[in-house]
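What follows is a set of notes on a single structure, which appears directly below.
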Amino acid sequence: MDNQTNNRKIVHVDMDAFYAAIEIRDNPTLQGKPVAVGGDPQSRGVIATANYEARKFGVHSALSSAMAVRLCPNLTILHPDIGKYKNESIKIAEIFRRFTDIIEPLSLDEAYLDMTGTEFFGGSGTLVAEEIRRLIFEETGLTASAGIAPNKFLAKVASDWNKPNGQLSISPDMVERFVNNLPVKKIPGVGKVTDEKMSRMGVKICSDLEAFSSKKLVEHFGKFGKSLYGLCRGIDNRELVTSRDRKSLSVERTFAEDIDGMENCLEKVPALYEEFLRRLERYQAKAKRDVKALHVKLKFSDFSSTSVERHFDNLEIDNFVKLFEEGFSRKELAVRLIGIGVRFSNLESGVAEEDSGQLTLRI
Ligand code: DCP
Ligand code: MG
């Protein structure tokens, strides 16, 4: 790791139980009770998030709402109001911008900030993060957690460490000790399946992974193996991907209840398309970029996903519909998520392949 990389100050901010916290703020009688936001238990709905009281019962994101009420019979489940959550997200993004322009939003409630060389608080990332969290609470009544570290990977792990309403700083001299003992399942991208696979290989903590060559890791874990080689050593040289150098722009929506049949799904496309055009227009006003291809993404009721991408001469909705029909015909299952978007040409080199496609903070 060269000095330059080692000395970066990356802050990862993530709101606590975001959707649920907003609902509880707006209805204080829910305070202290188990609360979730999501779809109906009667109609195959899923949980988007739950507050920490509900989590004690095992309620979590992506769990079926029916299972959630079985685990926690007193659970209050509220329907999502995405417009309201977006408004809060805009307020939070505005607070971030008081401290830096180098911001990479990951979702409505989460972003990386590059505070390298900051003049605030004598250059202390720790104090900047405290101040950001204080301002968020003062201006929205919501709590956030933060991680401060020399790279994105560790900042993200750190923001989760003292959740809710906490933060953790990992200074460069702490990196080695911290990462050596870090359970591999804490690495973003290591889900249940990968964790189990690693377990079978005798790998539990990051230092166990150090025994494997980059080649071996790629053999076992595909492309992700290459990142793992660095991550398990606490190395992550990815720069932030700010809105100026994004590769693509898309809008996607997860439905509170799965949608059956192509016709019903197609009914959802116009609203998504309108939202996509608005965002594209807003983005193009800041950064003129040529569109290389249109794409759509579908997630099915079995949680598998598929995407279709193709060049078209224009952005007509019919083109998205064609791509959608092609994607849908691959499985013909009920659909839980639809996304539509574009990929831009003229990429600068070295930009990370990252666009979660989720609704993100408006930077
Ligand atoms: N979300 C969703 N579906 C998921 C995961 C999340 O709709 N499968 C939504 C609801 C969350 C928001 O995104 O409130 C932010 O996601 P997080 O993973 O950050 O979860 P929370 O902010 O709710 O909780 P935490 O305190 O763990 O960050
Ligand atoms: Mg969150």
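The values are calculated or read from the model by the stated rules, or taken from the named source; none is laboratory data. Fair warning: this is a prediction, and the values are worked out from it, not measured in the lab. All Cβ positions, even for glycine, are placed from backbone atoms using ideal geometry, and neighbour counts span all protein chains on display. These accessible areas exclude ligands, DNA and RNA; they are computed on the full protein's heavy atoms, side chains included. Shrake-Rupley method; radii C 1.70, N 1.55, O 1.52, S 1.80 Å.
For region 1-90, rounded, prolate or oblate, judged on the Cα gyration tensor with a ≥ b ≥ c (square roots of eigenvalues), a/c < 1.5 rounded, else prolate if a/b > b/c?
Working: a/c = 2.43, a/b = 1.96, b/c = 1.24.
Judged from the Cα gyration tensor, region 1-90 comes out prolate (a/c at least 1.5, a/b above b/c).
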J(HN,Hα) series, region 180-186, from Karplus relation 6.51 cos²θ - 1.76 cosθ + 1.60, nearest Hz, glycine and proline x: 4, 8, 6, x, 4, 6, 7
Vicinal HN-Hα couplings computed from phi for region 156-169 (Karplus, 6.51 cos²θ - 1.76 cosθ + 1.60; Hz; Gly/Pro x): 5, 4, 5, 5, 8, 5, 10, 5, x, 6, x, 8, 9, 10
By average C-beta atoms within 10 angstrom, highest first, the peptides 35-43, 181-189: 35-43, 181-189
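Taking 0.36 nm per intervening residue step and subtracting the Cα-Cα distance, what contour gain separates Tyr52 from Asn181 on full extension? The partial results should precede the final answer.
On the way: separation 129, 0.36 × 129 = 46.44 nm, distance 2.62 nm.
Length gained, Tyr52 through Asn181: 43.8 nm.
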GNM top mover of Thr29, Thr306, Thr140 - the chain, alpha-carbon springs below 10 Å: Thr29
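What is the dipole size for the chain, taken about its Cα centre, with +1 at each Lys and Arg Cβ and -1 at each Asp and Glu Cβ, in debye to the nearest 20?
Approximately 700 debye in magnitude.
Rounding to the nearest 20 debye, state how big the charge dipole of region 279-332 is about its Cα centre with +1 on each Lys and Arg Cβ and -1 on each Asp and Glu Cβ.
400 debye
For the chain, what is the calculated [θ] at 222 nm in deg cm²/dmol (nearest 500), taking -39500 (n - 2.57) for each run of four or more DSSP H residues and dividing by its residue count? Intermediate values should be presented prior to the final figure.
Numbers: 14 runs with 140 residues, N = 363.
Mean residue ellipticity, 222 nm, calculated: -11500 deg cm²/dmol.
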Region 72-186 - charge dipole about Cα centre, Lys and Arg +1 at Cβ, Asp and Glu -1, debye rounded to 20: 360 debye
C-alpha center-to-center spacing [region 131-209, region 229-302] in angstrom: 25 Å
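With a 1.4 Å probe and all protein chains in place, put Ser159, Ser307 in order of accessible area, largest first. Present the calculation step by step, with values, prior to reporting the outcome.
Working: Ser159 5, Ser307 75 Å².
From most exposed to least exposed: Ser307, Ser159.
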For Ser248, distant residues with modelled amide H under 5 Å away: Phe344
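As a test of reading the structure, rank Glu325, Glu104 by solvent-accessible area (1.4 Å probe, protein chains only), most first.
Details: Glu325 75, Glu104 5 Å².
From most accessible down to least: Glu325, Glu104.
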Alpha-carbon Rg with Dmax, taken over the chain, Å: 21.0, 58
Positive-end residue of Leu298, Ile10, Ala285, charge dipole of the chain with Cβ unit charges: Ile10
